[in-house]
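The values are calculated or read from the model by the stated rules, or taken from the named source; none is laboratory data. Nothing here was measured: the structure is a model prediction, and the numbers come from that model. All Cβ positions, glycine included, derive from the backbone under ideal geometry; neighbour counts span all protein chains shown.
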Amino acid sequence: MTRLSIDPVTRLNGQLRVDVDVTAGAVSDAWSAGTMFRGLENVIHGRDPREVWLLASRICGTCSSVHALASVRAVERALNVRIPTNARILRNLLASTQLVRDHVLTFYQAQLPDWVDASASLRADPVATATLGRSMADWPSSTADSLRAVQARLAPVLESDQPGPFSSPWSGHPGFALSPEQSLLLLAHALEALDWQRDVMRIHALLGGKDPHPQTYLVGGMALAPPWGGPAPSQQRGHPDVPDRNAPHPLSDAGLTMLDDLIGRAGAFVNRVFLPDMRLLVAAYPDWTQIGGGSGNYLSWGDLAETDEREPPLYLPAGRLVNGNLASIKAADQDGVGESVAHAWYAEDRGPAALRAPVDGITDAAFDAVLPLGALDTEGRYSWVKAPRYDGEPMETGPLARVLVAYAQGRDAITSPLGALLTATGLGAEAMPSVLGRLMARAVEAAAIAKRADSWVWELRTNLATGDVAVVDLSTWDPGSWPDEADGWSTGEGPRGAVAHWVSIRDKAIDHYQVVDGSTWNLSPRDTFGRRGPIEDALLRTPVADPTRPLEVLRVVHSFNPCPACAVHAFDPRGAGPFDIRIHATEASR
Amino acid sequence: MGEDGLYAALVARGMSRRTFLQFSSAMAAALAMPLAYGPRIAAAVEAAPRIPVIWLRGQACGGNSEALLRVGNPTTANLLLQVLAVDYDESLMGAAGADAELVRTSAMERYPNGYLAVIEGAVPKAAGGAMCLIGGRPFADVAREVCDGAIATIALGSCAFDGGAPGANGGTTEAEGIRSVSGNSPVIALPGCPANAENLAALIVHYATFKELPPTDLAGRPLFGYGELIHNKCERRPHFEFGEFALSWGDEGAQKGWCLYKLGCKGPETMGNCPTARYGGGVSWNIRAGHGCIGCFMPNFWDGYAPAYRRLGSPVPFMPTLTVDQVGLLAVGGIAGVAVAHGTGMASRSKYRARKARRAVQLAAAADGTPAGSVAAAEGDTAAGDVALAVGIPLAIPDDADTRETSGEG
């Protein structure tokens, strides 16, 4: 048996270490350790509930605005406020843009280097690559000239003795199975995705005024007001498809046309580049639809409200699946969540078996390892990530969980693109709980969301045309209207998984704030009963051809696209105010 | 003009000579230089070799790595492939684990003339640095080593600047800015939450062009991006002058694009080029979109400019009965007068002074080598220091060789 430690795990947001035991060419045990802690909930304590979304947003700059939205929703539930139709659609547009863009960029930037040996692309024949590209989809850049130019751009970097971005770990590893032409095509698309995503995120700049961290949310709605008198019909026809500083007001007719155009471009890339590339990858790596499935527990809070009701139907449905049983969909309720710190660097006065509900979670940092961190104390504490459990069970969250929950409910928006992808690759739904299943789920979900976002623009335009220009409900804006005590929560979905915020308001200020992010679930360490977290579970039995180059381990970890920055949070004890953090470092460096 | 130079890189992507000159002029504008500098930028960029970069991430949300992905001119791909030689960046690099560590340590050795260190995220000091570990070692130690060999350190975003969100009031990780460990490496700061990608691009192009860092204010922020009040260039400013304010969210004033001052906008006290640089390739920026500024380009903004929705104090404290409407109508003294008045107003509010003292010490350390007067201001007379920062008048732009002269080595 060999113990491998990968630290830092790169190509993700935040600091992560993964240790695995390799026995007879396969992973026999695994540990996931978040190695960064910020404690933003402590900073949130005592602030004005109407503005904590600004700080909550800074939990993650990659899935930016996901936590801002979760925060305003939690406060809105506490204060019992319902947002207007325009605000709901605008929020959906921001959230769906983030999901689509993040799924594409995750694949091309974070995951692809594990599957494409970038240096092979330099040996590709551009003419043959262009032919391959055209056989997969009609896409304008599939020409020999443009592919030759890509080779010329990549060559100096890939031939350097220190290749940086766009390179692969362990070039020449036997696990790489793509031809030079396939490699070149995917890398060309990765470069294109960088330009594409900047265009797509103009939607956030347009609707949010800033990107990352859009800044137009309000408790009660949005700060983005339609032009006075509602959107006037545009003076000139045609698409303003080159945004610049003469960009129209986002909620004018011309602005809505621009939105429509940007979303159309987002969808085109997903359908004509991302999905075809996914088919190529699945065909080249059939084994990886059998590897890394994990425990089969999936949780989705659901998101993207379709109506203005208090508990609206959701485009991405909520639900829970247990032990891989797709026939039995269970309810997902925030009451079911409890967190264990048995193996995380926090103290717990209720004993190691405690599962604390988020509403009364505590944080008492208890770092007890020796610095620099050597071997993980796998019997004791080894991570800054806590271990959330639903009814005591670890849960995988994220695109795969959402797609399977939607599939189990027969939701056509998901089953139809999923069915098409599975048919094209000759697979059944049983292939989904796997490493490539997680990648496929991103492509399927991106296609489904891009399609719906397009019609939300139309709904927004229609609603504004009726003369409804309300963007915010200010009935509870004045703190004087608040009850002495108000508690709320929000559940939603970010690119990386199920996001929930819990808030308690006392004396007009935040008394308690708690976040359990999708990556908290996925990166969780063991709980008090020794049950592994989802990534630890998924790593089991993963083949490792060469322990000095554990490419396969990276494939499993990156399939979750975990975000340690999101995962690590602090709790503050109800009513105790900002508290002292007790440090039990056995050796401090300074 | 070198084969692997920036100009060659831009041409390789199909940029014409004409477009290239336009780009150079645009960069001159972004850097707040006379347009006559365009040709000089063009000439320098043509000959510029790739700039080696080590990009480190501490206690960060990743928002500033995202800003890098938003750079449009030159594009992110061009920056990564041709303008910069990004050997180490955890969010982008292929290598992982010990191999990644090796990439970093060998990069630190392989560039005899040094490299740029780009730091994103705060440095937590609690628990011996255990709250941010890279390869098992405290981020503080890793960053200290990397900055030590750097020609210059770019503190990208508010966390690397002064601790940002984790370092705000209530934080328990003792998060500090990169200056607490960067030693003698000259630090240039692009605070912001996150920093604006346009300013990052302009800074890099400036460095590629002139082989030195642009002039900064006392806090180390480049004057091209942080040299003017947002209020002065704000497109809603005329409404301020005419006393036209949005009074509640979504009201007639909000729909007509009136001034957001009364809804808590911090633009009147925040130094930044958001109104001109904007976001998303110029499509919009915060105030244009409808929400007030939160002051994120400023030191300690999470506490100093909270609450976000409380209107700033009277901009003319020595005339406490004067209302903002009157100021708006009476501001015939011109922009400069109002700017100075706003700055004074900020200094007059002592509420957050104690909290700021810690930052001031940090800034004093950073301004090592500045004339004694400004250090004293940072240590003792916080109010005076704040005026300097708020108004952006560089009390003293340090001319110390260690701090300024980075030319000739790149």
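Data for the structure
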{"quantity": "Tabulated pairs, the range A:208-220, first facing chain B (nearest Cβ under 7 Å) and among the charged types (D, E, K, R), second crowded, with 24+ Cβ neighbours inside 10 Å and not in a loop (DSSP other than H, G, I, E, B), C-beta under 6 angstrom, 6+ apart or interchain", "calculated": "A:Lys210/B:Tyr279; A:Lys210/B:Asn286; A:Asp211/A:His204; A:Asp211/A:Ala205; A:Asp211/B:Tyr279"}
{"quantity": "Unique residue being at pLDDT 90 or above, assigned to a helix (DSSP H, G or I) and touching a strand residue (DSSP E or B) at 6+ places or on another chain (Cβ under 8 Å) when the list is B:Val103, B:Val118, B:Val123", "calculated": "B:Val103"}
{"quantity": "Residue within the range A:390-409 that is away from every other protein chain (no Cβ under 14 Å), of a type in the set (Asp, Glu), under 23 Å from A:Asp487 (Cβ atoms) and in a helix (DSSP H, G or I) present", "calculated": "no"}
{"quantity": "Complete set of residues in the range B:30-61 that are at pLDDT 80 or above and acidic (Asp, Glu)", "calculated": "none"}
{"quantity": "Residue count, the range B:62-91 (criterion: at pLDDT 90 or above and in a loop (DSSP other than H, G, I, E, B))", "calculated": "3"}
{"quantity": "The range A:186-207, subset more than 30 Å from A:Pro226 (Cβ to Cβ) and touching a residue at least 60 places away in the same chain (Cβ under 8 Å), residue surrounded by the most Cβ atoms within 10 Å (Cβ to Cβ)", "calculated": "A:Leu187"}
{"quantity": "Unique match (being farther than 18 Å from A:Leu206 by Cα, of a type outside the set (Val, Ile, Thr), surrounded by 24 or more Cβ atoms within 10 Å (Cβ to Cβ) and more than 22 Å from the chain's Cα centre (by Cα)) among B:Tyr226, B:Tyr261", "calculated": "B:Tyr261"}
{"quantity": "Helices (runs of 4 or more DSSP H) wholly inside the range A:1-90 containing at least 3 residues that are within 7 Å of another protein chain (Cβ to nearest Cβ)", "calculated": "A:40-44"}
{"quantity": "Within the range B:172-209, considering residues that are over 30 Å from A:Trp53 (Cβ atoms) and assigned to a loop (DSSP other than H, G, I, E, B), the one farthest from the other protein chains (Cβ to nearest Cβ)", "calculated": "B:Pro186"}
{"quantity": "Pairs with Cβ under 6 Å, 6+ apart, first in the range B:210-228 and charged (D, E, K, R), second surrounded by 20 or more Cβ atoms within 10 Å (Cβ to Cβ)", "calculated": "B:Lys211/B:Gly410; B:Glu212/B:Thr406; B:Asp217/B:Gly392; B:Arg221/B:Ala189"}
{"quantity": "Any pair with Cβ under 7 angstrom, 6 or more apart, that starts in the range A:336-360 at a residue that is within 14 Å of chain B (Cβ to nearest Cβ) and assigned to a loop (DSSP other than H, G, I, E, B) and ends at one that is surrounded by fewer than 19 Cβ atoms within 10 Å (Cβ to Cβ) and small (Gly, Ala, Ser)", "calculated": "A:Trp345/A:Ala366; A:Ala347/A:Ala366"}
{"quantity": "Top-ranked residue of the range A:453-491 - restricted to ones that are touching a strand residue (DSSP E or B) at 6+ places or on another chain (Cβ under 8 Å) and aromatic (Phe, Trp, Tyr), ranked as nearest to A:Asp48 (Cα to Cα)", "calculated": "A:Trp482"}
{"quantity": "Some residue of the range A:108-118 being within 12 Å of chain B (Cβ to nearest Cβ), out of contact with any helix residue (DSSP H, G or I) (no Cβ under 8 Å at 6 or more places or on another chain) and under 23 Å from A:Ala450 (Cα atoms)", "calculated": "no"}
{"quantity": "Subset of the range A:361-370 (residues that are buried (at least 21 other Cβ atoms within 10 Å of the Cβ), within 14 Å of chain B (Cβ to nearest Cβ) and not hydrophobic (A, V, I, L, M, F, W, C))", "calculated": "A:Thr363"}
{"quantity": "Answer from A:Leu54, A:Leu69 - the residue that is in contact with a strand residue (DSSP E or B) (Cβ under 8 Å, 6 or more places away or on another chain), under 21 Å from A:Met201 (Cα atoms), at pLDDT 95 or above and not acidic (Asp, Glu)", "calculated": "A:Leu69"}
{"quantity": "From B:Ala96, B:Ala143, B:Ala117, residue being at negative phi, of a type in the set (Gly, Ala, Ser) and facing chain A (nearest Cβ under 8 Å)", "calculated": "B:Ala96"}
{"quantity": "Qualifying residue in the range B:155-167 (condition: within 8 Å of another protein chain (Cβ to nearest Cβ), touching a Lys or Arg at 6+ places or on another chain (Cβ under 6 Å) and assigned to a loop (DSSP other than H, G, I, E, B))", "calculated": "yes"}
{"quantity": "Matching residues in the range B:106-115 - criterion: being aromatic (Phe, Trp, Tyr) and in a loop (DSSP other than H, G, I, E, B)", "calculated": "B:Tyr111"}
{"quantity": "Residue match in the range A:26-48 (condition: charged (D, E, K, R), closer than 30 Å to A:Trp477 by Cα and surrounded by fewer than 24 Cβ atoms within 10 Å (Cβ to Cβ))", "calculated": "yes"}
{"quantity": "Selection within the range B:64-93 - more than 7 Å from chain A (Cβ to nearest Cβ) and more than 30 Å from B:Gly282 (Cβ to Cβ)", "calculated": "B:Tyr88"}
{"quantity": "Options A:Gly494, A:Gly518: the member that is more than 14 Å from chain B (Cβ to nearest Cβ) and surrounded by 24 or more Cβ atoms within 10 Å (Cβ to Cβ)", "calculated": "A:Gly518"}
{"quantity": "Residue match in the range A:556-573 (condition: at pLDDT below 50 and surrounded by fewer than 17 Cβ atoms within 10 Å (Cβ to Cβ))", "calculated": "yes"}
{"quantity": "Test: residue in the range B:269-282 that is over 22 Å from the mean Cα position of the chain (by Cα) and facing chain A (nearest Cβ under 9 Å)", "calculated": "no"}
{"quantity": "Qualifying positions in the range A:147-157 - surrounded by fewer than 19 Cβ atoms within 10 Å (Cβ to Cβ) and either within 17 Å of A:Val273 (Cα to Cα) or at the interface with chain B (Cβ under 10 Å from one of its Cβ atoms) (or both)", "calculated": "A:Ala149, A:Ala152, A:Ala155, A:Pro156"}
{"quantity": "Qualifying residue in the range B:130-137 (condition: part of a helix (DSSP H, G or I), under 21 Å from A:Thr35 (Cα atoms), without any contact (Cβ under 8 Å) to a residue 12 or more places away in the chain and within 13 Å of chain A (Cβ to nearest Cβ))", "calculated": "no"}
{"quantity": "Those residues of the range A:91-107 which are more than 11 Å from chain B (Cβ to nearest Cβ) and either among the aliphatic types (A, V, I, L, M) or not in a helix (DSSP H, G or I) (or both), in sequence order", "calculated": "A:Leu93, A:Leu94, A:Ala95, A:Leu99, A:Val100, A:Val104"}
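Residue-wise test of (1) of a type in the set (A, V, I, L, M); (2) crowded, with 22+ Cβ neighbours inside 10 Å; (3) closer than 30 Å to A:Ala205 by Cβ; (4) without any contact (Cβ under 8 Å) to a residue 40 or more places away in the chain.
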| residue | (1), (2), (3), (4) |
| --- | --- |
| A:Val100 | yes, yes, yes, no |
| A:Pro113 | no, yes, yes, no |
| A:Ala120 | yes, no, no, no |
| A:Leu132 | yes, no, no, no |
| A:Ala137 | yes, no, yes, no |
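Conditions (1) modelled with pLDDT of 95 or more; (2) more than 27 Å from A:Pro165 (Cα to Cα), marked per residue:
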| residue | (1), (2) |
| --- | --- |
| A:Met1 | no, yes |
| A:Leu4 | no, no |
| A:Gly14 | no, no |
| A:Ser28 | yes, yes |
| A:Met36 | no, no |
| A:Gly39 | no, yes |
| A:Asn42 | no, yes |
